[in-house]
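Step one of this worksheet: look at the structure below.
The values are calculated or read from the model by the stated rules, or taken from the named source; none is laboratory data. Being a predicted model, the structure only gives us computed values, none of them experimental. In this analysis, Cβ positions are derived from the backbone assuming ideal geometry, glycine residues included, and neighbour counts consider all displayed protein chains.
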Amino acid sequence: MTYRARHLLGIEPLHPTEIITLLDLADSYVDLNRQHKKRSDVLAGLTQVNMFFENSTRTQASFELAGKRLGADVMNMSMQASSIKKGETLIDTAMTLNAMHPDLLVVRHPHSGAVNLLAEKVNCAVLNAGDGRHEHPTQALLDALTIRRAKGRLHRLNIAICGDIAHSRVARSNILLLGKLENRIRLIGPPTLIPGPMAEMGVEVYDDMREGLSGCDVVMMLRLQKERMDGGFIPSEREYYHRYGLDSEKLSVAKPDAIVMHPGPMNRGVEIDGTLADDINRSVIQEQVEMGVAVRMAAMDLLAQNLRAGAAA
Amino acid sequence: MTQLFHNARLIDPEAGTETRGHLAVDAGQITAILPEAAPLPPDRFPLVQRIDCRGLCLAPGIVDLGVKVGEPGERHKESFKTAGRAAAAGGVTTMITRPDTLTPIDSPETLEFVTRRGLDASPVRFASMAALTKGRAGQEMVEIGFLKDAGAVAFTDGDHVLENSRVFSRCLSYAGALGALVIAHPQDPGLSRGTAATSGKFAVLRGLPAVSPMAERMGLERDLALVEMTGARYHADQVTTRAALPALRRAKDAGLDVTAGVSIHHLTLNALDVGDYRTFFKIKPPLRDEEDRLAVVEALRDGLIDTLSSYHTPQDEESKRLPFEEAASGAVGLETLLPAALRLYHAGVMDLPGLFRAMALNPARRLNLPGGRLCPGAPADLVLFDPDAPFVLDRFTLQSKSKNTPFDGARLQGRVQGTWVGGTRVFAP
């Protein structure tokens, strides 16, 4: 089974084999990206528009680079400063853009479900680059690729996701993806940052770092999303760091070869110790960024193939 | 005798019975209920208008407590004319309209304006509720006495919770002295602020800010404590969760003058119906999980919850075609209340007299209105319907100006065949 969907809106609708297809293709793009001449033309003639309704540096850069390396014409639209401020609705913005015939639309939006809404109204393929607290599928895919390359497999691993789960779309997409591939997932964080019903998602919930990290293969740290906190989730950053910040002492209870991940941008000294983040023997944070470009190339390649197949049919 | 509804299945919510028979109407009032075997005046008798009910159900017209009409301020969403037509088509013979308009109905002058508009344009009866505090801002009470004299049947700030308990207790005391009914939205404002869904696995998966169902219990417990303190007449607009029911039971057992309602949407839909961020399913309070829905259905059947209404809230397309969190809340319901309620009848959980007790008799009684009954002396506000007729709802066939129904494309059973207000036919299919 190959990847057939028209959009990439989330991990939830994906079949495990679709995920594997995507990751396999991404692997080949990792090789391409490491060559001197990093150029393919599978998206030649196609137009990719990056529409970011929320600040982003790394994700937008990653999508832009991915598109350019595949030969697409890439346009960045920073929606924060544009017509939305003048009162235009999301749908109108989408319709306006749709009239310009883009082929791939990469969207980030501060509200859950906004990308799904937009996808209903346009003719092109839509990639979700993060919507509210809902999903961030390419982040989960790049995390999966990083884990698979570091661990040699992507099943039956003990994976801990730590920190601000409540506000994290990365956590949701990762829980869904890693769960579909039969891994054991543990969520670790203060109860104020892990919604109670999370426990029903086939995960184990811990509020103690050492207990939760014990025997883990993979430790994923999440950024404390200060901008989404509308009041009193944690008493202070220093207490948070003391109890939930990852340092080598807390990491010592995980497996000796456990890898440390972070989707970035990091708050050093809040959720992760700076030295540990830079430890090339444990931290794969830089690899995650590298895999990000490859995964986004693979996703856009597959969606473009489906676009062509749709046009031919 | 001027009208004779013969060969009807008479639904009497007061007696709790369903009988075959005939109903006689004179000068807008029901004058007699005749058994099936009673001799009827001959066909040629000229002064009698005979209406053959063909064995279909004849029930007292629905008294819909909590209808939002967009007048004043939002006529593009719903006017008295369109709301009245929708009501007639849905078997609603009295709309109890909400004061959460733009501007709010918080002065006798606004109330008078609305009443005049309604009398000019609405084919069905209506009665207005007034705001409890000026501007629904929760600071100063409205002129409860003047508004009551001007015809306000109840006082409510709609879905604005009156946060300041001191202000609320004074409003309750003052209204209580006048015998005015206060209707409140039981909800803890701190927990529910900024939320769009009920907490649960589904809300987590969809990444929606969610409120615990416990917030409803907390709001209700506070309100009931204040009612105990002040002795006011109190109605909770919508009780939609399991957790709130014991508090309601305790208050009723303690003899407080307390009643509660629920919307048809909370009885027939649950949180999962939101699906892929379908904003027509965004209502206030948000849809609950299935256990809550079942508990509330049970409470309605037992009579713990008294009234069932549509909470008709028209919203235009623009305010719904937005990301879920930003989209407006509410659903239209005047025309779908009866067929949706009949889902409970077809599922075998409620009988027809029970449904009409909740939809017609209880709201009329609570507001001291004469309707909701099927007995001599009651107004001839009637609905004739076929409880079995199946149809698929197309939202663009609705009479409402706004088409935001969660039942679009739903398979429903039960069609209204005629609606009469004071003996005058206001709807025919």
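Details
- Of residues in the range B:217-243 being among the aliphatic types (A, V, I, L, M), within 22 Å of B:Leu287 (Cβ to Cβ) and buried (at least 24 other Cβ atoms within 10 Å of the Cβ), the one farthest from the chain's Cα centre (by Cα): B:Leu220
- Some residue of the range A:91-105 being within 24 Å of A:Ala294 (Cβ to Cβ) and either in contact with a Ser or Thr (Cβ under 6 Å, 6 or more places away or on another chain) or free of Cβ contacts under 8 Å to residues at least 24 places away in the same chain (or both): yes
- Subset of the range B:204-225 [among the charged types (D, E, K, R) and either touching a helix residue (DSSP H, G or I) at 6+ places or on another chain (Cβ under 6 Å) or more than 9 Å from chain A (Cβ to nearest Cβ) (or both)]: B:Glu216, B:Arg217, B:Glu221, B:Arg222, B:Asp223
- Considering residues of the range A:217-256 that are in contact (Cβ under 8 Å) with a residue 12 or more places away in the chain and of a type in the set (Asp, Glu) only, the residue farthest from the other protein chains (Cβ to nearest Cβ): A:Asp247
- Scanning the range B:308-325 for residues that are acidic (Asp, Glu) and either more than 28 Å from B:Pro363 (Cβ to Cβ) or not assigned by TED's automatic domain parsing to the domain that holds B:His185 (or both) turns up B:Glu317, B:Glu318, B:Glu325.
- Qualifying residue in the range B:144-160 (condition: touching a Pro at 6+ places or on another chain (Cβ under 9 Å), in the same structural domain as B:Gly179 (by TED's automatic domain parsing), over 24 Å from B:Arg222 (Cβ atoms) and aromatic (Phe, Trp, Tyr)): yes
- From the list A:Gly113, A:Gly67, the one residue that fits, being under 23 Å from B:Thr279 (Cα atoms) and surrounded by 15 or more Cβ atoms within 10 Å (Cβ to Cβ), is A:Gly113.
- Here is the figure for the range A:279-307: residues that are surrounded by 13 or more Cβ atoms within 10 Å (Cβ to Cβ) and over 17 Å from the mean Cα position of the chain (by Cα) total 10.
- Complete set of residues in the range A:93-114 that are facing chain B (nearest Cβ under 9 Å) and farther than 15 Å from A:Met77 by Cα: A:Pro110, A:His111, A:Ser112, A:Gly113, A:Ala114
- Members of the range B:414-429 found to be out of contact with any Phe, Trp or Tyr (no Cβ under 8 Å at 6 or more places or on another chain) and over 18 Å from B:Met95 (Cα atoms), listed by number: B:Ala428, B:Pro429
- Among the conditions (1) more than 18 Å from the chain's Cα centre (by Cα); (2) closer than 24 Å to B:Leu224 by Cα, the only one that B:Pro99 does not satisfy is (1).
- Residue in the range A:166-173 that is under 27 Å from A:Asn281 (Cα atoms) and away from chain B (no Cβ under 13 Å) present: no
- Entirely in the range B:115-203, the helices (runs of 4 or more DSSP H) that have 1 or more residues that are crowded, with 17+ Cβ neighbours inside 10 Å and more than 14 Å from chain A (Cβ to nearest Cβ): B:144-149, B:165-178
- Residue count for the range B:1-24 satisfying the condition of being among the polar types (S, T, N, Q), within 18 Å of B:Gln49 (Cβ to Cβ) and without any contact (Cβ under 8 Å) to a residue 60 or more places away in the chain: 1.
Let's see how each residue does on (1) closer than 18 Å to B:Ala299 by Cα; (2) surrounded by fewer than 17 Cβ atoms within 10 Å (Cβ to Cβ); (3) at pLDDT below 95; (4) not assigned by TED's automatic domain parsing to the domain that holds B:Arg395:
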{"position": "B:Leu245", "(1), (2), (3), (4)": "yes, no, no, yes"}
{"position": "B:Arg250", "(1), (2), (3), (4)": "yes, yes, no, yes"}
{"position": "B:Ala254", "(1), (2), (3), (4)": "yes, yes, no, yes"}
{"position": "B:Ala271", "(1), (2), (3), (4)": "no, no, no, yes"}
{"position": "B:Phe281", "(1), (2), (3), (4)": "no, no, no, yes"}
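- With respect to the conditions (1) free of Cβ contacts under 8 Å to residues at least 60 places away in the same chain; (2) under 15 Å from A:Met220 (Cβ atoms), A:Val284 lacks only one, and its number is (1).
- Here A:Asn281 meets the list (1) part of a loop (DSSP other than H, G, I, E, B); (2) in contact with a helix residue (DSSP H, G or I) (Cβ under 9 Å, 6 or more places away or on another chain) almost entirely, failing just condition (2).
- Number of positions in the range A:206-245 that are of a type in the set (Ser, Thr, Tyr) and either under 24 Å from the mean Cα position of the chain (by Cα) or crowded, with 19+ Cβ neighbours inside 10 Å (or both): 4
- Summed over the range B:34-69, the residues that are modelled with pLDDT of 95 or more and β-branched (Val, Ile, Thr) give a count of 4.
- Looking only at the range B:226-263, and only at residues there that are free of Cβ contacts under 8 Å to residues at least 40 places away in the same chain and in contact with a Phe, Trp or Tyr (Cβ under 7 Å, 6 or more places away or on another chain), the one that is nearest to the other protein chains (Cβ to nearest Cβ): B:Val258
- Only one entry of A:Asn33, A:Asn76, A:Asn55 meets the criterion of being surrounded by fewer than 20 Cβ atoms within 10 Å (Cβ to Cβ), more than 14 Å from chain B (Cβ to nearest Cβ), part of a loop (DSSP other than H, G, I, E, B) and not basic (Lys, Arg), and that entry is A:Asn55.
- Checklist (1) in contact with a strand residue (DSSP E or B) (Cβ under 6 Å, 6 or more places away or on another chain); (2) surrounded by fewer than 21 Cβ atoms within 10 Å (Cβ to Cβ); (3) in a loop (DSSP other than H, G, I, E, B); (4) not charged (D, E, K, R) applied to B:Gly371, failing item: (2)
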